[in-house]
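Chemist: Submitted below is the structure of interest, expressed as structure tokens.
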Amino acid sequence: MTSDLGERIAAGEIAPGAVLTLAQLEADYDASRTVVREAVRVLESIGLVASRRRVGITVQPREAWDAYSPRLIAWNLSGPFRQQQLEALMEVRVAVEPTAAMLAARRATPAQRAELRRLAARLRALGDEAGGASDEFLEADVAFHDLLLQASGNPQLVALRGPIREVLTGRSRLGMTPATPAAGTLEEHEQVAAAVMAGDGAAAERHSRTHMRVVWAEILADGSLS
């Protein structure tokens, strides 16, 4: 129930300003009051709705929603605002991941540096075998970017791990990840990892930015074709 109602609100099927009631939701979903209350609690935690006595459950304006909620990102990716969600998060990645790479070159532990190199090599091997759309490639790609943010040592950047993980996973599930990765992306993963290993923050930032811009161009191109 939670996901269905969240998807309907995210898609605009239930518009901001709409007022729902517990009784109405119980009937619509043939659910108990306990189940309905839990669904509303989850949606309230993301900012999609607000409950008030004698008023009901009011759908909130989009600007009140938690834009970094992995649940909301997933709902957006499954609906008509998919392209807008992909572009918005890609713009964030272009802005922050190069900085995370630069900080990781300064702050990563020896184990983190070695793991980034291992993951980059794994991505290279899978990509060279046209495995870019595989679950194994997705797992390694998520782990690479997750670790890069973690190694930055900045808690605000680390907090972006969930949203970035969700958009990488969502893109793969939607069939938007090519079997043969775009030219240069495998090399940039390796270059970022090598720069972090060497403690070269400027190079890590530069290679990460190049990589992010290639992926950004892919997403914009996908949008122009839809």
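Chemist: Work out the length of the dipole vector of the chain about its Cα centre, built from +1 on the beta-carbon of each Lys and Arg and -1 on the beta-carbon of each Asp and Glu, and round it to the nearest 20 debye.
Modeler: Result for the chain is approximately 760 debye, rounded to the nearest 20.
Chemist: If you take every residue apart from ALA120 with its C-beta less than 13 Å away from the C-beta of ALA120, what net charge results, scoring Lys and Arg +1 and Asp and Glu -1?
Modeler: Around ALA120, the surrounding residues sum to -1.
Chemist: Something else now. Using a Förster radius of 30 Å, what is the FRET efficiency between GLN156 and ALA114 based on their Cβ-Cβ separation? Nearest 0.05, please.
Modeler: Calculated value: 0.75.
Chemist: Here's something else I'd like to know. For GLY201, what charge total do you get from the other residues with a beta carbon under 14 Å from its beta carbon, if Lys and Arg give +1 and Asp and Glu give -1?
Modeler: Around GLY201, the charge tally is +2.
Chemist: Taking the chain as a Gaussian network, Cα atoms linked when under 10 Å apart, which of ALA105, ALA151, ALA159 shows the biggest mean-square fluctuation?
Modeler: ALA159
Chemist: Also: Rounded to the nearest whole Å³, what is the per residue volume of the convex hull around the Cα atoms of the chain?
Modeler: Hull volume normalised by residue count: 129 Å³.
Chemist: Let me ask another. Express in nm, to one decimal, how much length is gained between ARG107 and ARG173 on full extension, taking 0.36 nm for each residue of separation and deducting their alpha carbon distance.
Modeler: Taking ARG107 through ARG173 to full extension adds about 20.5 nm, to one decimal.
Chemist: Using a 1.4 angstrom probe on heavy atoms only, work out the carbon and sulfur share of the accessible area of the chain in %.
Modeler: The computed percentage sits at 51.
Chemist: Next question, about the same structure. Net charge near THR2: determine it from the other residues with C-beta under 10 Å of the C-beta of THR2, scoring Lys and Arg +1 and Asp and Glu -1.
Modeler: Local charge sum for THR2: -1.
Chemist: Where in the chain are the DSSP H helices whose C-alpha atoms run 30 Å or more along the long axis and whose mean Kyte hydropathy is at least 1.6?
Modeler: Answer set is empty.
Chemist: If R0 is 30 Å, what FRET efficiency do you get for ALA11 and SER32 from their C-beta distance, rounded to 0.05?
Modeler: 0.75
Chemist: Find the accessible area per residue for the chain; the probe is 1.4 Å, ligands and nucleic acids are left out, and the unit is Å².
Modeler: With all protein chains present, the chain gives 48 Å² per residue.
Chemist: Here is a follow-up. Summing -39500 (n - 2.57) over the DSSP H runs of n ≥ 4 in the chain and dividing by its residue number, what mean residue ellipticity at 222 nm do you reach, to the nearest 500 deg cm²/dmol?
Modeler: One gets -22500 deg cm²/dmol as the mean residue ellipticity at 222 nm.
Chemist: For the range 162-210, take the convex hull of the Cα atoms, compute a quarter of its surface area, and give me that in nm², please.
Modeler: Average of the hull's projected areas for the range 162-210 equals 4.1 nm².
The values are calculated or read from the model by the stated rules, or taken from the named source; none is laboratory data. Values in this document were obtained by computation on a predicted structure and should not be read as measured data. A quick note on method: Cβ atoms are made from the backbone with ideal geometry, for glycine too, and the neighbour counts reach across all protein chains shown. These area figures cover heavy atoms from the full protein model, side chains too; ligands, DNA and RNA do not enter into them. Shrake-Rupley method; radii C 1.70, N 1.55, O 1.52, S 1.80 Å.
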